[in-house]
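To start, the structure under review is shown below, and the notes come after it.
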Amino acid sequence: MLSPPPGRGIQEDTEEAVDESLVKALELHQQVPVIDTHTHFLLAGYFLRKRFERRHRPPRLWNPLRNTVDLPRLREGRITCAVFTAYVPPPPLRLGAWPALLRMLDFLQQTVRRNPDDLVFVHNARGIRLAHEQGKLAAMPGVEGGHVIGRRLERLTVLRERGVRLLTLTHFIANRICDGHLGPAVHGGLSDFGRQVLQACRHLGIVVDLAHASRRAFFQALEELERPPVVTHACLREHGRSQRYLEDDQVKQLAAAGGLLGVIMCPWYQQRWGVLGSLERAADVYCRLAELVGAEHLIIGTDMDGCTWLPRGMRDAADLPRLTAKLLERGFTTRELKGILGNNFLRLLAAWE
């Protein structure tokens, strides 16, 4: 039987016995490469020059100067791989977005080189599995917001050469690729350039992330793509009215295409008018999605450090086993949870290689 990881780890109360489901959750986190497909340490790391190898303080509600992801806490949460999502805000910073993005990716490379005993740069499923065997944290770069490439399709080749394996087409608002879930519909879904982007991503093996895409862009992308896309961090429309949420038919079409969906850990997306949220509510969302399409289409995509606070019971990355424990209590099988924690994403990633 495993004990909780050293240090604060999962925030256990020293006077409180670790319950059986939490112990089993920790065991599962050892047995399978746990992958968080959408994290944002690079926001604080690059813009505030924070060191990834140091333990930082988590926020209490909104505090963008603090963060929930760093090396000590990812290790305590027994997470094998984090997708380090690089994000540069759209207008008015659009003109400098591309060089800023490259500097952000440089920052990630420097971080990995500075910590060779703990970190390894990966760009495929095999690399993630190897990192798990070696007990290292795998760093995989992703990009959120296709506005960074401007009108230059060849920049996707540069991103792939820099190890980028995921591209979120847009972020909140429309760009040259497609419409976002907020603001006016500029293209009626995908643009002609956006279709070229999808074709290039297929050729290069850059997984397409449809989070933040408008409903029309979402369905048009499913028709264009010949490989299964992801929605790394989202929730269900029944929990709110924004197009940021997916409707049942979107989830079903995504699954029919072999795609995967991660549940965002921002409380206000999991419950209408929710501020504090809870892990119980997060488990509700996973259960509902499993009812709709099956656990084989679910992944982890927390958006930690993108959303500036997490549900009650999850202060930071070290607490991810608590979510796993909740899902165990709800009746998810060991095989289903191994899929959600990492195997499902490894399967999809291999399909793009």
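Every residue, every condition in (1) within 18 Å of the chain's Cα centre (by Cα); (2) crowded, with 16+ Cβ neighbours inside 10 Å, yes or no:
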site	(1), (2)
192	no, no
201	no, yes
236	yes, yes
261	yes, yes
Quiz item: Residues 305, 316: which one is among the charged types (D, E, K, R), touching a helix residue (DSSP H, G or I) at 6+ places or on another chain (Cβ under 6 Å) and on the phi > 0 side of the Ramachandran plot?
Solution: 305
Practice problem: Those residues that are touching a Phe, Trp or Tyr at 6+ places or on another chain (Cβ under 8 Å) and in a helix (DSSP H, G or I), I need them from the stretch 33-47; list them, please. | Solution: 41, 42, 43, 45, 46
Quiz prompt | Residue among 251, 293 that alone is within 22 Å of residue 167 (Cα to Cα), at pLDDT 95 or above and touching a strand residue (DSSP E or B) at 6+ places or on another chain (Cβ under 9 Å) | solution = 251
Self-check item: Given (1) surrounded by fewer than 20 Cβ atoms within 10 Å (Cβ to Cβ); (2) of a type in the set (Lys, Arg); (3) within 24 Å of residue 306 (Cα to Cα), number of the condition residue 165 does not satisfy
Solution: (1)
Self-check item: Looking only at the stretch 1-29, and only at residues there that are surrounded by 12 or more Cβ atoms within 10 Å (Cβ to Cβ), more than 21 Å from residue 304 (Cβ to Cβ) and not aliphatic (A, V, I, L, M), the one that is modelled with the lowest pLDDT
Solution: 19
Quiz prompt | Lone unmet requirement of (1) aliphatic (A, V, I, L, M); (2) more than 18 Å from residue 77 (Cβ to Cβ); (3) crowded, with 20+ Cβ neighbours inside 10 Å; (4) at pLDDT 95 or above for residue 285 | solution = (4)
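The values are calculated or read from the model by the stated rules, or taken from the named source; none is laboratory data. On a predicted model such as this, the values are computed, not experimentally measured, just so you know. Neighbour counts are summed over all protein chains in view; Cβ atoms, including those assigned to glycine, are modelled from backbone coordinates with ideal geometry.
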